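The values are calculated or read from the model by the stated rules, or taken from the named source; none is laboratory data. Treat the numbers as computed from the prediction; the structure is a model and nothing was measured. Here Cβ is always computed from backbone atoms with ideal geometry, including for glycine, and neighbour counts include all displayed protein chains. Protein only, heavy atoms only, side chains kept; ligands, DNA and RNA dropped before computing areas. Shrake-Rupley method; radii C 1.70, N 1.55, O 1.52, S 1.80 Å.
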Amino acid sequence: MPRLTIDGREIEAQAGQTVMQAATEAGIFIPYFCWHPKLSVPGNCRICVVGVEDKGGEWVEIACNMPVAEGMVVFTNSEKVKARRKATMQFITLNHPVDCGICDKAGECTLQDYHYEYNGERSISLDAKVHATKHYDLSERIVLDNERCIQCTRCVRFTREISKSNGLGMQNRADHTLVRAVEDGSFASDPYSDNVIDICPVGALLSRSFLHKARVWYLKPTASVCPGCARGCAVNLWHRRPEWKLRSAEQRVHNDEIDRVTPLDNPAVNGPWICNKGRDLARVFGRARAEGAMLKGRAADLQGAIKQARSLIAAAKRPVAIVSSWGSNEELAAFKAALGGRMTAFVKPDHQPEPGEVVEDAILIRADKNPNTAGARALFGDAAPDIPKDADLVLVWGEGFDFGRIPAGAKIVYLNAWLQPENGHADVFLAVSIQTERDGHYTNFAGVTSAFSKCFAKPAGVADAEALFAALAGTAGGGE
Ligand code: SF4
Ligand code: SF4
Ligand code: FES
């Protein structure tokens with residue numbers, strides 16, 4: 001184990017580590033652009049310079065590519081280092097527009113931060129800046145601002161080393177260097193392409209769906225779990241801070257919408273990545289909601305509908321339940337505790353792969369498009385949903401069930417969150433809350449349990465399934 005000194009602190013590093021890795025592990029910050037902990041090390045941005053003591057004095061080297069050595073003495077903030085870092089920032093911003101005021105990355109851009117921290121001066125260049133394309137369509141999902149690109153190659157390396165699409169490359173040299181998608185379209189069809197937006201250290205790669213939508217300091221992240229497949233990736237759901245409720249002329253500006261989805265680093269599940277489907281969760285959660293109970297397709301008040309469902313369940317002789325693999329562990333346990341002894345229960349997949357979607361790969365994406373099949377099966381077994389011909393009541397929870405399989409004459413109690421034609425076919429329909437309106441846990445295909453948190457209030461007339469089951473069993477009176 002090599003021991004070295006960084007800024008006067010003695011550090012024990014791992015053999016084979018770089019100075020950057022050893023310093024980061026020890027909580028000592030060294031700035032970086034091109035280095036990324038999950039990618040190879042090109043050492044091309046030069047902002048991570050540190051001083052190293054030598055017989056001849058202090059020499060500077062890049063920390064991201066310098067292996068630690070026994071007895072090494074490193075300075076991260078000496079006068080020499082500060083001067084080099086400032087010169088590097090002058091060089092990096094030579095042709096950069098520093099247009100932070102209109103940039104979507106402002107507020108979370110390392111170039112903006114380092115420019116003020118380490119340089120803070122106007123360009124000393126006498127030449128006009130070299131201009132490049134401000135709005136280049138890299139794909140249908142991603143816009144590239146070539147003027148802001150600092151050629152760190154993180155995006156190119158991501159497609160080579162992580163997503164393996166090899167979809168991006170560099171064209172030309174020097175101040176004419178441009179990131180470009182290769183002609184075979186592999187970047188456009190890369191299901192992980194949007195990760196390059198997060199790892200671009202500047203505002204060069206921008207999400208088309210988030211473009212100019214909100215300044216990030218008006219947004220707040222809520223930790224959640226992507227329900228798009230059985231991987232259950234950890235995500236942040238970004239939405240407007242409640243105190244920034246705006247009176248807007250535009251109908252679409254609400255405080256109850258997800259503005260963007262980003263990965264939440266979870267080494268046990270997804271690392272720092274998610275697939276593009278996870279980025280599009282706003283579309284899943286933004287579907288038209290069922291916002292009130294119904295009796296045989298006619299609007300009913302919630303308490304009346306609960307009462308009716310309770311008496312149907314109490315009167316049934318052979319009731320069957322089809323439970324949701326989008327239900328949380330807490331909701332599934334509540335169902336089991338309240339109704340598990342009364343009903344034979346089967347777990348159904350709420351969602352199946354959609355046309356054009358990547359069904360499964362060796363990176364993250366799983367063929368099972370439901371977040372909690374493992375949690376549901378742990379409680380209710382893995383038999384395929386089977387409805388006996390003599391079942392006289394079927395309780396269906398969630399989406400994706402073929403109502404044609406319900407025996408004629410059997411009563412139907414249906415719990416769903418979305419506005420769907422089946423809702424009107426049930427004897428009793430109860431609108432239930434969605435993932436963004438409650439706290440809970442899912443267990444992924446590998447048995448890892450992850451928490452998600454509430455970020456929005458549920459609509460009036462909608463019940464939390466967890467409370468509802470006890471009310472349906474007659475062991476509690478509420479439901480709301
Ligand atoms: S687009 Fe961003 S990630 Fe890609 S090379 Fe340029 S600065 Fe780096
Ligand atoms: S891999 Fe699955 S869980 Fe992860 S982001 Fe994609 S759809 Fe969501
Ligand atoms: S982070 Fe070390 S050279 Fe870029």
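Could you count how many residues in segment 343-400 are of a type in the set (Lys, Arg) and either away from ligand 2 (no atom under 16 Å from the Cβ) or free of Cβ contacts under 8 Å to residues at least 24 places away in the same chain (or both)?
Counting residues in segment 343-400 that are of a type in the set (Lys, Arg) and either away from ligand 2 (no atom under 16 Å from the Cβ) or free of Cβ contacts under 8 Å to residues at least 24 places away in the same chain (or both) gives 3.
From the set of residues in segment 23-49 that are in contact (Cβ under 8 Å) with a residue 40 or more places away in the chain and more than 16 Å from ligand 1 (Cβ to nearest atom), which is farthest from GLU79 (Cα to Cα)?
Looking at the filtered set, the residue picked out is ALA23.
Checking SER209 against (1) part of a strand (DSSP E or B); (2) open to solvent by 30 Å² or more (accessible area, probe 1.4 Å); (3) closer than 30 Å to ARG438 by Cα, only one condition comes out false. Which one?
With (1) part of a strand (DSSP E or B); (2) open to solvent by 30 Å² or more (accessible area, probe 1.4 Å); (3) closer than 30 Å to ARG438 by Cα applied to SER209, the lone miss is (1).
Can you name every residue in segment 345-367 that is surrounded by 17 or more Cβ atoms within 10 Å (Cβ to Cβ) and in contact with a Lys or Arg (Cβ under 9 Å, 6 or more places away or on another chain)?
ALA345, VAL347, PRO349, ASP350, HIS351, VAL358, LEU364, ILE365, ARG366, listed by residue number.
Go through ALA431, ALA378, ALA467, ALA460 for me and flag whichever is assigned to a loop (DSSP other than H, G, I, E, B) and either out of contact with any helix residue (DSSP H, G or I) (no Cβ under 7 Å at 6 or more places or on another chain) or within 28 Å of CYS233 (Cα to Cα) (or both).
So the residue among ALA431, ALA378, ALA467, ALA460 that is assigned to a loop (DSSP other than H, G, I, E, B) and either out of contact with any helix residue (DSSP H, G or I) (no Cβ under 7 Å at 6 or more places or on another chain) or within 28 Å of CYS233 (Cα to Cα) (or both) is ALA460.
Scan segment 282-306 residue by residue and report those that are open to solvent by 40 Å² or more (accessible area, probe 1.4 Å) and either assigned to a loop (DSSP other than H, G, I, E, B) or in contact with a Cys (Cβ under 8 Å, 6 or more places away or on another chain) (or both).
Answer for segment 282-306, where residues must be open to solvent by 40 Å² or more (accessible area, probe 1.4 Å) and either assigned to a loop (DSSP other than H, G, I, E, B) or in contact with a Cys (Cβ under 8 Å, 6 or more places away or on another chain) (or both): GLY286, ARG287, ALA288, GLU291, LYS296, ASP301.
For segment 171-192, state whether one or more residues are within 16 Å of ligand 2 (Cβ to nearest atom) and either touching a Phe, Trp or Tyr at 6+ places or on another chain (Cβ under 7 Å) or open to solvent by less than 10 Å² (accessible area, probe 1.4 Å) (or both).
yes
What do you reckon, is PRO201 at pLDDT 95 or above, surrounded by fewer than 19 Cβ atoms within 10 Å (Cβ to Cβ) and assigned to a loop (DSSP other than H, G, I, E, B)?
no
What do you reckon, is LYS80 out of contact with any Leu (no Cβ under 9 Å at 6 or more places or on another chain) and part of a loop (DSSP other than H, G, I, E, B)?
Judged against the criteria, LYS80 is not a match.
Kindly provide the set of residues from segment 23-74 that are buried (at least 19 other Cβ atoms within 10 Å of the Cβ), of a type in the set (Gly, Ala, Ser) and within 14 Å of ligand 3 (Cβ to nearest atom), ordered by number.
Listed by number, the residues that qualify are ALA23, ALA63.
Kindly provide the set of residues from segment 126-140 that are open to solvent by 60 Å² or more (accessible area, probe 1.4 Å) and in contact with a strand residue (DSSP E or B) (Cβ under 7 Å, 6 or more places away or on another chain), ordered by number.
Matches in segment 126-140: HIS135, TYR136, ASP137.
Restricting segment 6-18 to residues that are out of contact with any Ser or Thr (no Cβ under 9 Å at 6 or more places or on another chain) and surrounded by 15 or more Cβ atoms within 10 Å (Cβ to Cβ), which is farthest from GLN112 (Cα to Cα)?
Filtering segment 6-18 for residues that are out of contact with any Ser or Thr (no Cβ under 9 Å at 6 or more places or on another chain) and surrounded by 15 or more Cβ atoms within 10 Å (Cβ to Cβ), the one farthest from GLN112 (Cα to Cα) comes out as ALA13.
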